[in-house]
Amino acid sequence: MRLNWTDRTILRKGDKAVKQLQRKSLYRYAAALFVFLCYLGICLAVFFIGIQRAVEKNTQTLLADNVARQSSLMVSLMDIEFETLSGMASYIGSQSDAQDNQRLMAALAGESKFHRISYFTLDGAGYSNEGPVNMDARDRDFFKKSIQGQEAVSSPYESRVEGDEGREFIALSVPVYQGGAIAGVLVGSYDVRHISEIPFSSLYGGSGYVYIVGKDGEVVAMDSRYSQQWDRVNFYDFYKDYTFGPGASLDSVRDDFNNGNSGVRLLKKGSDIRYLAYEPMGYNSWFLCYVVPQEDAQQSYAFIREYEVALSLFVVAGLIILLSVMQYINAKDRKMLVTKAQTDAMTGLLNAVSTREAINAWLAGEEACGMQALIMLDIDKFKDVNDTYGHAVGDEALRQSAGLLRAHFRGSDIVGRVGGDEFIIFMKNIPDDAIVIKQLERLCAAFHSLRVAEAPELRLTCSAGAALVPKDGVDFDDLYKKADEAMYMVKRGSRDGFYIYRA
């Protein structure tokens with residue numbers, strides 16, 4: 001089989017095939033990587049969103065439970081104070097000595113959390129442990145409730161008397177009975193900030209603050225640390241510029257207050273993000289409210305964020321490893337594809353296109369120096385081998401011939417199969433043509449020793465022709481043409497030999 005080496009279409013098609021294989025391989029890996037990254041991104045997003053929602057839900061649940069417990073504790077503390085007042089009211093109702101009662105009230109005020117203890121008769125006049133009270137109690141709501149036999153709690157404004165300005169006092173009142181009938185009202189003035197701050201002092205490192213608010217938004221009492229910040233501003237007015245969490249608004253909080261419902265809301269104002277938890281107290285439609293920064297409320301879940309960061313780092317490291325492995329596999333596949341595109345499948349030698357490219361690259365490079373030799377070799381009467389013994393024997397003969405050529409020449413020399421039974425050998429940097437002659441003599445003799453197991457009687461010979469650089473040319477086309485002419489001089493003769501081209 002003869003090749004027309006001037007037909008450059010073959011070369012272009014070969015180059016194009018290699019590039020197409022490389023592009024297909026790259027696209028395949030890029031598509032697989034893109035799908036994997038999308039899947040991984042979705043999984044991580046779902047995971048992190050799920051974790052955040054779980055943290056948010058657990059935080060709000062824990063916050064609601066804490067506020068409910070603290071509200072219950074505050075009510076219990078107030079119940080204790082009511083019991084103290086009721087016990088004293090029973091004593092006062094059992095005797096009528098005002099001075100003795102005043103001394104008793106002074107002693108109780110000194111030993112309890114009450115700031116002032118006052119006794120009012122049914123006409124609204126009264127005295128306290130500090131002396132006469134300059135106030136007519138008949139128009140006060142707590143007085144009206146207690147003379148009806150109820151325990152009552154007043155707002156700070158309603159319980160204020162002269163000298164109480166700027167103080168957060170509420171009034172706890174109980175009826176005083178004499179002879180089975182209500183004879184007056186016993187009132188204890190209580191600093192509500194004390195009762196509201198103590199239960200929350202250990203929560204979230206004390207970073208939150210507490211206040212009591214009525215359903216109309218009136219602030220009944222405020223944590224002393226933040227009282228100036230509020231300065232009697234209505235609850236609804238204070239939070240009107242805040243954004244509430246999903247599905248919530250200031251109106252929904254107002255509805256909860258009006259309906260006596262508890263709740264937890266997420267508040268946002270710029271970078272300020274905090275929780276508002278509220279719980280009805282059971283007195284005067286008051287609500288115990290607690291506000292804490294989101295970061296502090298979720299501090300117990302900080303380890304989850306650390307795990308999220310660690311997981312993210314592991315994922316990034318895994319991606320780097322994955323990309324490295326894929327790059328390695330891709331490079332290996334590309335090398336395999338290039339090798340496959342450059343190699344003759346039958347013999348494992350370079351194919352025609354790659355042989356030409358390799359020789360031209362060597363001739364154009366700087367490493368080529370001195371004499372070079374291009375050898376054309378053809379197996380004699382190879383068509384007869386195929387016709388007589390079959391193509392399987394012919395293929396095996398080609399493989400053994402290729403093995404012989406690889407073993408006979410240096411590893412740095414270029415050996416390729418360029419046609420059915422035609423081979424090219426390019427000897428690099430040889431001292432003179434004597435080495436070419438010696439190698440070809442040995443090669444022709446070695447062919448006599450080749451045996452094919454399926455046809456032991458088969459004897460193979462070869463014909464070879466050589467052209468030298470620079471004497472016969474300096475590019476592949478010239479050298480190939482002249483080596484081919486030299487080889488056919490042998491084939492036209494007795495075959496089984498070689499010839500060095502002579503002009």
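The values are calculated or read from the model by the stated rules, or taken from the named source; none is laboratory data. None of these values were measured; they are calculated from a predicted model. Because the Cβ atoms are built from the backbone with ideal geometry, glycine has one as well, and the counts that use them run over all protein chains shown.
Can you tell me which residue is nearest to the chain's Cα centre (by Cα) among those in region 287-343 that are closer than 30 Å to GLY214 by Cβ and hydrophobic (A, V, I, L, M, F, W, C)?
That would be ALA297.
Is it the case that LEU322 is outside the structural domain of ASN261 (by TED's automatic domain parsing) and surrounded by 11 or more Cβ atoms within 10 Å (Cβ to Cβ)?
yes
Among the candidates LEU11, LEU3, LEU21, single out the residue that is touching a helix residue (DSSP H, G or I) at 6+ places or on another chain (Cβ under 7 Å), under 30 Å from ASP478 (Cβ atoms), in a helix (DSSP H, G or I) and at pLDDT below 70.
Unique residue meeting the criteria: LEU11.
For ASP432, all conditions in the list (1) surrounded by fewer than 19 Cβ atoms within 10 Å (Cβ to Cβ); (2) without any contact (Cβ under 8 Å) to a residue 24 or more places away in the chain hold save one; what is the number of the exception?
Among (1) surrounded by fewer than 19 Cβ atoms within 10 Å (Cβ to Cβ); (2) without any contact (Cβ under 8 Å) to a residue 24 or more places away in the chain, ASP432 violates only (2).
Which number in (1) within 17 Å of ALA486 (Cβ to Cβ); (2) assigned to a helix (DSSP H, G or I); (3) of a type outside the set (A, V, I, L, M) marks the one condition that GLY419 misses?
Only one criterion in (1) within 17 Å of ALA486 (Cβ to Cβ); (2) assigned to a helix (DSSP H, G or I); (3) of a type outside the set (A, V, I, L, M) is unmet by GLY419, namely (2).
Filter region 132-144 down to the residues that are at pLDDT 85 or above and crowded, with 19+ Cβ neighbours inside 10 Å and list them by number.
Across region 132-144, the qualifying residues are ALA137, ARG140, PHE142, PHE143.
Quick one: how many residues across region 442-460 are surrounded by fewer than 16 Cβ atoms within 10 Å (Cβ to Cβ) and either in contact with a Gly (Cβ under 9 Å, 6 or more places away or on another chain) or not assigned by TED's automatic domain parsing to the domain that holds MET376 (or both)?
Number of matching residues: 1.
Which pairs turn up if I take residues in region 108-120 that are closer than 16 Å to ILE80 by Cβ and not assigned by TED's automatic domain parsing to the domain that holds GLU130 and look for partners that are β-branched (Val, Ile, Thr) and not in a strand (DSSP E or B) with beta carbon separation below 9 Å, at least 6 apart in sequence or on another chain?
Sorted first by the residue in region 108-120, then by its partner, the list stays empty.
MET376 - would you say it is assigned to a loop (DSSP other than H, G, I, E, B) and at pLDDT 90 or above?
No; evaluated as a whole, the condition is false for this residue.
Regarding ALA453, is this residue farther than 18 Å from ALA364 by Cβ, more than 60 Å from the chain's Cα centre (by Cα) and among the small types (Gly, Ala, Ser)?
Yes; evaluated as a whole, the condition is true for this residue.
Does ALA407 count as outside any strand (DSSP E or B), exposed (fewer than 12 other Cβ atoms within 10 Å of the Cβ) and among the small types (Gly, Ala, Ser)?
Judged against the criteria, ALA407 is a match.
Kindly indicate whether ASN284 is more than 29 Å from the chain's Cα centre (by Cα), surrounded by fewer than 22 Cβ atoms within 10 Å (Cβ to Cβ), without any contact (Cβ under 8 Å) to a residue 60 or more places away in the chain and not assigned by TED's automatic domain parsing to the domain that holds GLN52.
Taking the combined requirement at face value, the residue does not satisfy it.
Could you list all residues from region 117-140 that are in a strand (DSSP E or B) and more than 20 Å from GLN178 (Cβ to Cβ)?
Listed by number, the residues that qualify are GLY131, PRO132.
Looking at region 330-352, which of its residues are buried (at least 18 other Cβ atoms within 10 Å of the Cβ) and modelled with pLDDT of 90 or more?
THR347, LEU349, LEU350, ASN351, ALA352
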